[in-house]
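Some notes on the structure that comes next.
Laboratory data are not the source of any read-out in this text; all were calculated from the coordinates shown. Every value quoted in this text rests on a predicted model; they were computed, and no experiment measured them. Using ideal geometry, Cβ is built from the backbone for each residue, glycine included, and neighbour counts are taken over all protein chains shown.
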């Protein structure tokens, strides 16, 4: 007898699927594109009406260099911007902090004050592009800087479009770049949601992210379940603040990984939309259809790339991108082949963008909506992904919710176990990876990689010190005192943080002010 | 370790897995920590965002044979020499230092020159790391 087959999440895969494997109520479960429960996509016409946004994540060195890469990508036909910040910016340290040594501009762009943000978007009219910012712990500060740049460009906030990642729960669960403890972090998110609902109506205040959960080693089922559980937690937090669900839910967006197991990924995307729509309507009483529609960005799986025979990564990425498109994504980042070695070169990032353009224009997968609907296997797998996620929701409820799960290390342990299993499967050749444990080449060819200019750190350190010299110090101190007062009183922090960035207070100064009130966080690491 | 263990060489190999710097990528560090533990070694994992001082202090307190640093932030040419210098200052030059993460080959050569015994990049099998670790402390 042939060995049984399973998806990487452990769901059994039969040799053949038939009509009896599909839902008895296809109208209820599959439905129509653009209609509840949105299994088939959130728009009736999907890519026939509008292609997905091609959004390559970029950021390295100084604001000036990243600005040049942005202009390059826009010239190549990219349709949205996506900003990568360096580690000190993500963790709330200025470039001249001792904790920043060796890290400035390495993994993204260094932003210390509004001065850097002005340079980052120089020549890019903020009323005309949408910008995604991968920033979490200090999201509220970078959001304020972006809005301050819009003011300086004379662009009204009502016209500003973009997305903050700002999903702090997945930081404690997976990506581990936090600043404050979970509770004040949740408050900052609700402050942003409340502010944006009134002042920046086209802004997506949070991008609830499974991407990093998957990169940390979770399965597709865990990515689906933990991400949606986080989403429910944000909805509950905003409702607890007294906001109406339909006031903020239309601006929630999601971010998923697209990994190698093609059909399981497609089923995951379809199941995600259905679970969200059902829960938003049935549990939270949302009435606006936009509150029920899960919009999401997809990035191909960085963790599926190999350092061995790196050009083969182009092929992996293309299949993963196809799964994202067949799953109905609203925007897409395709990884560059060299991202397992360093930040991407211009050549590598161009090939990655071209991969999306081939997908959009040459292979005709955009001509009909949700072409895989009704496939016995896809529908069956979609149902089972949903059921497996529901099992996790029950377990999370039993342990007392997401924050409690983080506190007791539930998610961290589930992910570490899955990551270890995956590595063992590779080590034991139960899973073959071309170039790693099969079809290995003795002589590996080296490809050129991007080098970060070693003078970046010094010039950025000098720049932030110059900003501190030039600004009006009394205004900075008054503004920081406003931040401190709001942190203590519970008043929305957005307005005082806007005042602080306008006065050229640095990110590190604002974070320090808040940390003095909120404290910091340390996890009990499990392995 | 007890004197008897030392005489007979039965003390398990003790390994500190450290995450210096600001990056939060701990998947590899945890997988390696667990593989070494499953291979019978005693493994201490520092947790994230450690300074070089904190790592060397832990290595000293825990009396480890091997220090493995996991770095995926690109800051390896700053952080690894800092840890090596501090180990040297503590007269701990006999501790075997290995590094894992996203390390370009040129930088890996540089690290080996500085005294790092091995650099493990993406795609390394955990069995290779276990074998290397045993051999590096003379327990092949």
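What percent does the relative contact order of the range A:312-384 come to when contacts are Cα pairs within less than 8 Å and at least six residues apart?
Working: 45 pairs, mean separation 21.4, N = 73.
Value for the range A:312-384: 29 percent.
After finding the eigenvalues of the alpha carbon gyration tensor for the range A:463-518, what semi-axes result from the square roots of 5 times each, listed largest first in whole Å? Provide the component values of the computation, followed by the final result.
Numbers: eigenvalues 80, 24, 14 Å².
For the range A:463-518, the ellipsoid semi-axes come out as 20, 11, 8 Å.
Return, for the Cα atoms of the range A:282-406, the radius of gyration and Dmax in Å, separated by a comma.
18.4, 51
Calculate, for residue A:13 and residue A:439, the FRET efficiency according to 1/(1 + (r/R0)^6) with r their C-beta to C-beta distance and R0 25 Å; round to the nearest 0.05. Walk me through the intermediate numbers first.
Numbers: r = 24 Å, r/R0 = 0.96.
Plugging the Cβ-Cβ distance into 1/(1 + (r/R0)^6) gives 0.55.
Helix-only estimate, please: 222 nm mean residue ellipticity of chain A, summing -39500 (n - 2.57) across DSSP H runs of length 4 or more and dividing by its residues, to the nearest 500.
Numbers: 21 runs with 252 residues, N = 527.
So the calculated ellipticity at 222 nm is -15000 deg cm²/dmol.
Obtain the nm distance between the two label points defined at residue A:153 and residue A:315 by a simple spin-label model: each point lies 7 Å from its Cα along the Cα-to-C-beta direction.
Result: 4.1 nm between the two label points.
What number, in nm² with one decimal, is the all-direction average of the projected area of the convex hull of the alpha-carbon atoms of chain B?
Working: hull surface 31.1 nm².
Across all orientations, chain B yields a mean hull projection of 7.8 nm².
For the range A:360-447, what percent of Cα pairs sit more than 15 Å apart? Provide the component values of the computation, followed by the final result.
Numbers: 2977 of 3828 pairs.
When all Cα pairs of the range A:360-447 are counted, 78 percent exceed 15 Å.
Note down the nm distance, to one decimal, between modelled labels 7 Å out along Cα→Cβ at residue A:347 and at residue A:35.
A separation of 5.2 nm, rounded to one decimal place.
If you take the beta carbon distance between residue A:3 and residue A:491 as r and set R0 to 41 Å, what does 1/(1 + (r/R0)^6) give as a FRET efficiency, to the nearest 0.05?
Numbers: r = 62 Å, r/R0 = 1.50.
Efficiency, from the Cβ-Cβ distance: 0.10.
Just tell me how shielded A:426-438 is by partners: mean number of partner chain Cβ atoms within 10 Å of each residue's Cβ, no decimals.
2
How large is Rg over Rh for the range A:304-359, taking Rg from the Cα atoms and Rh as the Kirkwood inverse mean of 1/r across Cα pairs?
Working: Rg = 10.9 Å, Rh = 11.3 Å.
Here Rg/Rh amounts to 0.96.
Over chain A, what is the relative contact order in whole percent, taking alpha-carbon pairs under 8 Å and six or more residues apart?
Computed over chain A, the figure is 19 percent.
Given a Förster distance of 41 angstrom, what is the FRET efficiency for residue A:50 paired with residue A:462, based on the Cβ-Cβ distance and rounded to 0.05? Don't skip to the end; give the middle numbers.
Numbers: r = 45 Å, r/R0 = 1.10.
Step by step, r from the Cβ atoms, then E = 0.35.
Would you mind estimating how fast the range A:92-250 diffuses translationally, via Stokes-Einstein at 37 °C and 0.692 mPa s with the Kirkwood radius over Cα pairs, in µm²/s?
Details: Rh = 16.7 Å.
Result for D is 197 µm²/s.
When a footprinting reagent is the concern and you count Cβ atoms within 10 Å, what order do A:168, A:408, B:129 take, fewest first? Show your work: numbers first, answer last.
On the way: A:168 25, A:408 13, B:129 20.
Arranged by neighbour count, lowest to highest, A:168, A:408, B:129 become A:408, B:129, A:168.
Going by C-beta contacts inside 10 Å, put A:376, A:93 in order with the fewest on the left. Provide the component values of the computation, followed by the final result.
Numbers: A:376 15, A:93 26.
Going from least to most buried by this count: A:376, A:93.
Can you tell me, using C-alpha contacts under 8 Å and at least 6 residues apart, the relative contact order of the range A:269-355 as a whole percent?
Working: 101 pairs, mean separation 24.6, N = 87.
Contact order relative to length: 28 percent.
For a quick protection proxy, order the peptides A:340-346, B:119-125 by their average other-Cβ count within 10 Å, most packed first.
On the way: A:340-346: 21.0, B:119-125: 18.7.
Most protected by this proxy first, the peptides run A:340-346, B:119-125.
Add -39500 (n - 2.57) for each DSSP H run of 4 or more in chain B, then divide by its residues: what number comes out at 222 nm, to the nearest 500 deg cm²/dmol? Please report the intermediate quantities before stating the final value.
On the way: 6 runs with 64 residues, N = 140.
Computed mean residue ellipticity for chain B: -13500 deg cm²/dmol.
Just rank A:379, B:53, fewest to most, by other beta-carbon atoms within 10 angstrom. List each step's numbers first, then the result.
On the way: A:379 22, B:53 12.
So the residues, fewest neighbours to most, are B:53, A:379.
Let me see the P(r) profile for the protein assembly as shown: every Cα-Cα distance counted, bins of 10 Å, each bin given as a percent of all pairs.
3, 15, 26, 27, 18, 8, 2, 0
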